[in-house]
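To keep things clear, I will list the structure first and then write my remarks on it.
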Amino acid sequence: MITLGIDPGRYKSAYALIQHGAPNKILAVGSVRNEEVLQTLKEQLSLHRPRVALVERPFKRKKHINGEDLAYLFNLSSQIQNWLTARGIKTFAIQASHPKAWIDEEAPLGWRQILTGLRYPNEQDIWHYLFNLKKQGGLVGYIPRNENRVDALGMALCAREVGRESQQAA
């Protein structure tokens, strides 16, 4: 199964595609200006046909982001999600981490929490998780140092699990 992870940013969005297996294989990782994100995804979809995609949703209370940028990111995330869904890809919008996930049993986990099992994981935790997975032979391909690309790669890896959980819940 091929999965896609997308990390929308204020100016650029990162994407990654993974072929799941033993080992998982990184097919593509990159970042592109937001004006070009849908065209780039179209090109990547012509090369690789993902079945599941995760698109990161911004967290409403980010300290370093103003309301206008937050609204822009929400709109961009929704636009990407709708575009992928219209092409038959099962798409989920999910936060990186949910602050109440370890206090409130009803609060959903963020994709970083699902992937790492950590309470408050950050980009460095994702990079270390991917590096250790590669070191153990569970991942093949180049792991970038760019935080947004690492997040997209982590989401692509986590997308399979999120897709599986949603099928079990249905």
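The values are calculated or read from the model by the stated rules, or taken from the named source; none is laboratory data. Computed from a predicted structure; not experimentally measured. Counting neighbours? That spans all protein chains shown, and the Cβs are built from the backbone with ideal geometry, glycine included. SASA here: full protein model, heavy atoms, side chains in, ligands and nucleic acids out. Shrake-Rupley method; radii C 1.70, N 1.55, O 1.52, S 1.80 Å.
Structure above, values below:
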| quantity | calculated |
| --- | --- |
| Residue match in the stretch 153-167 (condition: at pLDDT 95 or above, surrounded by fewer than 16 Cβ atoms within 10 Å (Cβ to Cβ), among the charged types (D, E, K, R) and over 24 Å from Gly9 (Cα atoms)) | no |
| Residue list for the stretch 24-67, restricted to those being over 21 Å from Thr85 (Cα atoms) and modelled with pLDDT under 95 | Phe59, Lys60, Arg61, Lys62, Lys63, His64, Ile65, Asn66, Gly67 |
| Residue list for the stretch 15-24, filter: in contact with a strand residue (DSSP E or B) (Cβ under 8 Å, 6 or more places away or on another chain), of a type outside the set (Phe, Trp, Tyr) and either open to solvent by 30 Å² or more (accessible area, probe 1.4 Å) or assigned to a strand (DSSP E or B) (or both) | Ala16, Leu17, Ile18, Gln19, Pro23, Asn24 |
| Hits in the stretch 42-92 (condition: touching a residue at least 60 places away in the same chain (Cβ under 8 Å), out of contact with any strand residue (DSSP E or B) (no Cβ under 8 Å at 6 or more places or on another chain) and among the hydrophobic types (A, V, I, L, M, F, W, C)) | Leu73 |
| Subset of the stretch 25-39 [open to solvent by 20 Å² or more (accessible area, probe 1.4 Å), of a type outside the set (A, V, I, L, M) and in contact (Cβ under 8 Å) with a residue 24 or more places away in the chain] | Lys25, Ser31 |
| Test: Gly117 is more than 20 Å from Met1 (Cβ to Cβ), modelled with pLDDT under 95 and either open to solvent by 60 Å² or more (accessible area, probe 1.4 Å) or over 18 Å from the mean Cα position of the chain (by Cα) (or both) | no |
